[in-house]
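Have a look at the structure below, then the notes.
The values are calculated or read from the model by the stated rules, or taken from the named source; none is laboratory data. Since the structure is predicted, the reported quantities are computational estimates derived from the model, not experimental observations. Counting neighbours? That spans all protein chains shown, and the Cβs are built from the backbone with ideal geometry, glycine included.
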Amino acid sequence: MSTTTAPRICPLCEATCGLTLTISGTRVTGVRGDRDDIFSRGFICPKGASFGELDADPDRLRTPLVRENGTLREAGWDEAFDVVARRLPPLLAAHGPNAVGVVLGNPNVHTMAGALYPPLLLGALRTRNVFSASTVDQMPKHVSSGLLFGDPHAIPVPDLDRTAHLLMLGANPLESNGSLCTAPDFPGRLKALRKRGGTLTVVDPRRTRTARLADRHVAIRPGTDALLLAALAQVLFAEDLTDLGDLGPHVEGVEDVAAAVRDFTPEAVAEACDLEPDLIRVMARELAAAPSAAVYARVGGSTVAYGTLTNWLVDVLNVLTGNLDRPGGALFPLSATAPALRPAGPGRGFDLGRWASRVSGHPEAKGELPISVIAEEIDTPGEGRMRALISIAANPVLSAPDGDRLDRALADGLEFMVAIDPYLNETTRHADVVLPPPPPAQSAHFDFAFNNFAIRNQVRFSPAAVPLEEGLMSECEIHARLILAVTDQGLLRSGEAESPESPESPGRHASAVDAVDAVDAVDAADAVDALAIDRTLARAVTEPHSPAHGQDPAEFAARLTGGTSAERRLDLMLRLGPYELTLDQLLANPHGIDLGPLQPRLPRGLKTRSGRVELLPAPIAADLPRLRKALDGTPARLVLVGRRHLRSNNSWLHNIPALNRGTNTCTLQVHPDDAARLGLADGAPARIKGEGGELEAPVEVTDAIRRGVVSLPHGWGHDRPGTRMAVAAARPGVNVNQLLDGTRLDPLSGNAVLNGFPVEVSPVG
Ligand SMILES: Nc1nc2c(c(=O)[nH]1)N[C@H]1C(S)=C(S)[C@@H](COP(=O)(O)OP(=O)(O)OC[C@H]3O[C@@H](n4cnc5c(=O)[nH]c(N)nc54)[C@H](O)[C@@H]3O)O[C@H]1N2
Ligand SMILES: Nc1nc2c(c(=O)[nH]1)N[C@H]1C(S)=C(S)[C@@H](COP(=O)(O)OP(=O)(O)OC[C@H]3O[C@@H](n4cnc5c(=O)[nH]c(N)nc54)[C@H](O)[C@@H]3O)O[C@H]1N2
Ligand code: SF4
Ligand SMILES: [Mo]
């Protein structure tokens with residue numbers, strides 16, 4: 001058997017490391033970091049190293065499943081899509097577009113299919129019941145950016161390699177490898193920051209591996225980062241330390257922010273945050289004095305009660321210290337597939353709450369409703385009830401609050417469910433049709449999403465490393481055929497749709513498809529992609545700042561190359577992008593093309609109505625009184641926070657033996673003083689009670705967590721029947737999200753509060 005190697009970008013976290021796969025025949029037999037990769041330079045972590053095991057997981061579905069008389073059985077592809085075409089369109093015809101919900105999970109930002117097709121699906125369906133992992137993750141950042149910059153996809157990232165001072169809140173990149181900050185070898189880059197004389201401050205209720213690397217660890221009380229950041233801003237104003245630098249002329253509302261944070265003095269927030277006022281002053285002065293600095297917050301600053309305010313304050317501080325949009329500060333990446341930057345000038349602005357969820361009236365954000373409300377939209381009777389669900393790469397039974405209720409709703413309340421997913425898990429076991437994508441080595445890869453968050457502009461493409469196995473279907477083809485099946489191969493109505501966790505998504509190029517004649521099933525992707533290309537080009541040729549401006553669309557389309565129609569869409573986006581690259585150029589550079597360090601770009605790209613950075617947007621001002629109230633509240637005695645482990649990936653890598661062995665990581669971390677107070681012994685089981693339910697988990701006594709806080713990781717709870725993940729089921733752990741009832745949301749973004757919620761803990765027995 002011949003042995004070859006192939007480069008492949010790792011799809012398992014946001015770091016997007018280049019891997020070198022060793023391939024024997026059609027199997028991945030070895031993996032190492034690609035030393036020639038222009039961005040990752042050989043870095044690899046244990047997850048990337050298990051790519052081969054993941055690719056060959058025997059529990060991976062290799063044929064579609066179709067429900068018959070209550071049980072799932074294997075079926076052919078045509079049959080599976082026929083079932084969808086027979087069941088879903090009549091439901092929509094009878095009950096209207098909102099009768100179907102779409103839930104898009106995290107891996108959609110790690111596949112080409114997940115970037116290219118959901119915008120088309122949503123545009124065709126026109127349902128308001130759109131949910132994604134964004135509302136258990138970074139929706140507060142999108143809302144903050146939408147309000148500040150007019151563009152929810154414009155997310156500044158810390159200039160990790162050049163900054164002199166990094167203030168990091170609620171992030172643990174030594175385990176997560178980074179998020180909304182794509183930086184292969186994040187640990188090495190943090191060490192390099194310190195080595196060049198820079199300073200790192202980590203704010204986290206736990207002394208994480210990242211905190212241990214820092215110059216200063218600030219063990220804040222969970223959920224109070226917005227207060228700390230408001231106090232930092234207050235000190236900057238009070239001590240006359242603000243200096244907006246070159247950005248000054250492009251910012252409005254600075255005085256309004258000064259007035260808005262006036263009450264949040266270090267003394268006022270000290271008790272709520274449980275931090276010394278002097279420390280807060282020192283932090284503010286350091287931030288102002290640093291030659292360059294970046295403030296950066298992630299999951300612990302987002303999945304909290306004041307998530308949008310926290311994310312807004314992060315960028316307010318970057319602006320006030322002159323660090324937004326300058327080297328060494330926080331800059332906007334410019335990806336090779338981003339639409340060409342619009343020139344400076346007033347834009348359309350960003351609106352929230354254009355509609356609301358049916359049952360609880362939660363406002364939409366970025367076209368999505370909170371993932372926490374899926375269950376109630378299914379199990380609450382009445383006009384407009386959700387009767388069908390399309391689940392793509394999502395496992396909300398574990399990843400969203402109150403999985404038990406969602407589990408029941410999926411089982412009893414739906415008339416039809418279809419899932420695109422390689423596993424039969426806690427969520428997909430409820431589907432009537434499961435459509436499994438091929439293992440990753442059989443798919444081409446391009447990071448449409450993460451290049452928008454990369455700390456260096458660069459671009460890399462991996463063709464499929466091994467050919468598609470007999471009987472499997474490419475995930476692009478699956479998506480395209482699903483679109484045709486749910487629309488009954490008929491009219492795909494035109495319309496804009498935004499895609500989740502997928503900034504600069506292809507949806508903005510190819511948001512709409514007009515009409516599809518009945519197509520031969522085999523050519524579904526070709527037909528859908530051809531329409532997407534036509535649509536995109538029809539618009540691009542009329543746009544003055546597009547590279548296609550004034551050209552003949554048919555001639556432009558004829559130049560596109562690529563082994564598949566999805567790759568031709570990629571080629572189109574590259575050609576229309578800011579660097580005017582081509583897919584051929586990417587293929588000629590298998591280890592990537594470096595496009596240089598991040599560059600300042602403002603005021604270009606701003607889309608606010610004023611054409612400036614609007615520092616105190618009205619919805620933020622309206623939410624600040626809620627934060628002010630937190631100054632006087634009595635903190636809960638015990639709150640829970642989450643954590644991630646290097647060998648995990650949300651709920652779905654627990655089935656890989658190499659990543660799920662050794663000591664149990666699904667433990668409840670408790671500070672020794674709390675353990676003594678509550679009568680908890682190391683290793684003994686504890687009962688944890690929250691608003692949504694109770695759990696039992698073994699106690700891990702550790703002083704790495706602050707007093708008054710306990711921690712349990714998420715993504716566990718693999719003990720439900722009817723799944724097909726044997727390794728995970730043998731070490732199930734418990735689902736931390738069962739402690740929540742789904743009612744705690746950040747009001748502006750609809751993001752679930754997953755950190756800093758009250759619990760009671762007691763010994764078992
Ligand atoms: N190994 C691994 N890597 C992953 C993932 C994974 O599951 N496993 N998931 C991927 C995904 S989807 C994402 S979004 C990223 C997330 O990437 P990160 O945000 O870096 O990851 P977390 O480990 O969730 O870090 C959140 C930190 O916030 C702290 N925290 C909790 N509450 C608060 C609070 O109120 N204030 C402050 N200041 N801190 C708080 C927690 O103790 C924790 O250390 O990781 C990605 N990478
Ligand atoms: N308590 C608590 N809850 C959390 C978090 C937390 O920190 N604390 N973190 C939240 C965050 S940041 C996130 S992003 C969400 C994640 O929430 P989800 O996206 O719902 O959960 P995942 O566990 O990532 O599930 C991914 C699903 O995609 C499937 N999958 C894997 N690869 C592919 C593929 O290539 N194609 C397709 N079609 N499917 C694939 C998997 O089998 C699995 O079913 O969880 C959130 N939940
Ligand atoms: S750090 Fe992330 S991208 Fe890099 S090898 Fe590990 S899982 Fe893959
Ligand atoms: Mo996430």
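For beta carbons closer than 9 Å, sequence separation of 6+ or different chains, a first residue in region 269-296 that is buried (at least 22 other Cβ atoms within 10 Å of the Cβ) and basic (Lys, Arg) and a second that is modelled with pLDDT under 95 and part of a helix (DSSP H, G or I), there are no qualifying pairs. Does region 484-495 contain any residue that is under 30 Å from Lys141 (Cα atoms), aliphatic (A, V, I, L, M) and at pLDDT below 95? The answer is no, given that none of the residues of region 484-495 is under 30 Å from Lys141 (Cα atoms), aliphatic (A, V, I, L, M) and at pLDDT below 95.
In this structure, Glu175 qualifies as outside any loop (DSSP other than H, G, I, E, B), within 16 Å of ligand 2 (Cβ to nearest atom) and out of contact with any strand residue (DSSP E or B) (no Cβ under 7 Å at 6 or more places or on another chain).
The residue list Asp159, Asp151, Asp137 contains one member that is buried (at least 22 other Cβ atoms within 10 Å of the Cβ), within 16 Å of ligand 2 (Cβ to nearest atom) and at pLDDT 95 or above, which is Asp137.
Just one of the listed residues (Thr303, Thr337, Thr321) is under 17 Å from Leu148 (Cα atoms) and either touching a Leu at 6+ places or on another chain (Cβ under 7 Å) or surrounded by 24 or more Cβ atoms within 10 Å (Cβ to Cβ) (or both), and it is Thr321. Looking only at residues of region 165-192 that are surrounded by fewer than 23 Cβ atoms within 10 Å (Cβ to Cβ) and hydrophobic (A, V, I, L, M, F, W, C), we find that the one that is farthest from ligand 4 (Cβ to nearest atom) is Ala192. The set of residues from region 687-721 being in contact with a Lys or Arg (Cβ under 6 Å, 6 or more places away or on another chain) and of a type in the set (Gly, Ala, Ser) comprises Ala704, Ser711. Of the residues in region 196-211, at least one is within 16 Å of ligand 3 (Cβ to nearest atom) and without any contact (Cβ under 8 Å) to a residue 40 or more places away in the chain. Out of Val359, Val314, one residue alone is assigned to a helix (DSSP H, G or I) and modelled with pLDDT of 95 or more. It is Val314. For region 1-83, the strands (runs of 3 or more DSSP E) that sit wholly inside it and include 3 or more residues that are within 16 Å of ligand 3 (Cβ to nearest atom) and closer than 29 Å to Asn177 by Cβ are 3-9, 18-24, 27-33.
Could you please find all residues in region 92-120 being more than 16 Å from ligand 2 (Cβ to nearest atom), crowded, with 17+ Cβ neighbours inside 10 Å and part of a helix (DSSP H, G or I)? Scanning region 92-120 gives Leu92, His95, Asn98, Ala99. The residues on offer are Ala375, Ala400, Ala419, and the sole one that is among the small types (Gly, Ala, Ser) and in contact with a Lys or Arg (Cβ under 6 Å, 6 or more places away or on another chain) is Ala375. Among the residues of region 376-405, those that are within 21 Å of the chain's Cα centre (by Cα) and away from ligand 4 (no atom under 16 Å from the Cβ) comprise Leu389, Ile390, Ser391, Val397, Asp402, Gly403. The condition (being surrounded by 15 or more Cβ atoms within 10 Å (Cβ to Cβ), over 30 Å from Val261 (Cβ atoms) and of a type in the set (D, E, K, R)) is satisfied by just one residue among Arg575, Arg612: Arg575. I need a count of the residues in region 30-71 that are within 26 Å of Ala393 (Cα to Cα), among the aromatic types (Phe, Trp, Tyr) and more than 16 Å from ligand 2 (Cβ to nearest atom). Selection size over region 30-71: 0. Looking for something at pLDDT 95 or above, among the charged types (D, E, K, R) and closer than 28 Å to Leu166 by Cβ - is there at least one such residue anywhere in region 342-351? For region 342-351, residues at pLDDT 95 or above, among the charged types (D, E, K, R) and closer than 28 Å to Leu166 by Cβ: absent. Got a sec? Which of Ala365, Ala400, Ala409 is more than 8 Å from ligand 2 (Cβ to nearest atom) and surrounded by 23 or more Cβ atoms within 10 Å (Cβ to Cβ)? Going through Ala365, Ala400, Ala409 in turn, the sole match is Ala365.
Residues in region 242-258 that are within 14 Å of Asn318 (Cα to Cα) and surrounded by fewer than 17 Cβ atoms within 10 Å (Cβ to Cβ): Asp243, Gly245, Asp246, Gly248. Residues in region 682-704 that are in a strand (DSSP E or B) and touching a residue at least 40 places away in the same chain (Cβ under 8 Å): how many? Residues meeting the conditions: 8. The residue that is nearest to ligand 2 (Cβ to nearest atom), among those in region 121-134 that are hydrophobic (A, V, I, L, M, F, W, C) and part of a strand (DSSP E or B), is Phe131. Taking the listed residues Leu54, Leu65, Leu92, the one that is out of contact with any Phe, Trp or Tyr (no Cβ under 6 Å at 6 or more places or on another chain), in contact (Cβ under 8 Å) with a residue 24 or more places away in the chain and under 26 Å from Leu174 (Cβ atoms) is Leu54, with no other qualifying. Filtered by the rule that a residue be under 26 Å from Gly715 (Cα atoms) and in a loop (DSSP other than H, G, I, E, B), region 368-391 gives Leu369, Pro370, Met386. Quick check on region 560-578. Is at least one of its residues of a type in the set (A, V, I, L, M), within 16 Å of ligand 3 (Cβ to nearest atom), within 28 Å of Val157 (Cα to Cα) and at pLDDT 95 or above? Checked region 560-578: no residue is of a type in the set (A, V, I, L, M), within 16 Å of ligand 3 (Cβ to nearest atom), within 28 Å of Val157 (Cα to Cα) and at pLDDT 95 or above. So is Asp534 among the acidic types (Asp, Glu), without any contact (Cβ under 8 Å) to a residue 24 or more places away in the chain and touching a Pro at 6+ places or on another chain (Cβ under 9 Å) or not? Yes.
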